[in-house]
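The block underneath contains the structure these notes are about, expressed in structure tokens.
The values are calculated or read from the model by the stated rules, or taken from the named source; none is laboratory data. Only a predicted model underlies this, so the values are computations on that prediction, with no experimental measurement involved. Virtual Cβ from ideal backbone geometry, glycine too; neighbours counted across all protein chains shown.
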Amino acid sequence: MPSQPAPVSPAALPCGDLYTPVATIQGAGPASPQVGAAVTTEGVVVGDFQGASALNGFYLQDPSGDGDPLTAEGIFVYYPGGPAVSPGDRLRVSGTVAEYNGLTEQSHL
């Protein structure tokens, strides 16, 4: 029987919408405890690698962080054909958590 994803630790925005912090998605281990889960997260674009000649996505960083040195504060969002983004843009994205080439990513839904 496959293992179930770990429970999501949501954070609330001022508008009341819930999202999963990047650190919760990444987890403290070598692979995400959220693999296979559909999550919504939010962050600031810190790297734009869109287009088939690049990586088809962008990096998001949690502007607050969780203060835990064992968890990452950034995640790659795989989003082929996604809208144009620029470093500094604050985004909310939904997708499925996956491991790709040993790195955690969120694939856009």
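A few points about this structure:
- Search result, residues across the stretch 44-56 that are surrounded by 14 or more Cβ atoms within 10 Å (Cβ to Cβ) and at positive phi: N56
- Number of residues in the stretch 46-76 that are outside any loop (DSSP other than H, G, I, E, B) and closer than 18 Å to L18 by Cβ equals 2.
Residue-by-condition table, conditions (1) of a type outside the set (K, R); (2) closer than 11 Å to T104 by Cβ:
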| site | (1), (2) |
| --- | --- |
| E42 | yes, no |
| V46 | yes, no |
| G51 | yes, no |
| A54 | yes, no |
| G67 | yes, no |
| G74 | yes, yes |
| R90 | no, no |
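- Residues satisfying the criterion are present in the stretch 51-63 (criterion: in contact with a helix residue (DSSP H, G or I) (Cβ under 6 Å, 6 or more places away or on another chain) and modelled with pLDDT of 90 or more).
- Unique residue being acidic (D, E) and touching a helix residue (DSSP H, G or I) at 6+ places or on another chain (Cβ under 6 Å) when the list is D17, D66: D66
- Looking across the stretch 32-43 at every residue that is assigned to a strand (DSSP E or B) and free of Cβ contacts under 8 Å to residues at least 60 places away in the same chain, the one that is surrounded by the most Cβ atoms within 10 Å (Cβ to Cβ) is identified as G43.
- Among the residues listed as L91, L103, L70, the single one being of a type in the set (A, V, I, L, M), exposed (fewer than 15 other Cβ atoms within 10 Å of the Cβ) and either without any contact (Cβ under 8 Å) to a residue 24 or more places away in the chain or in contact with a strand residue (DSSP E or B) (Cβ under 7 Å, 6 or more places away or on another chain) (or both): L103
- For the stretch 77-93, a tally of residues being among the aromatic types (F, W, Y) and not in a loop (DSSP other than H, G, I, E, B) returns 1.
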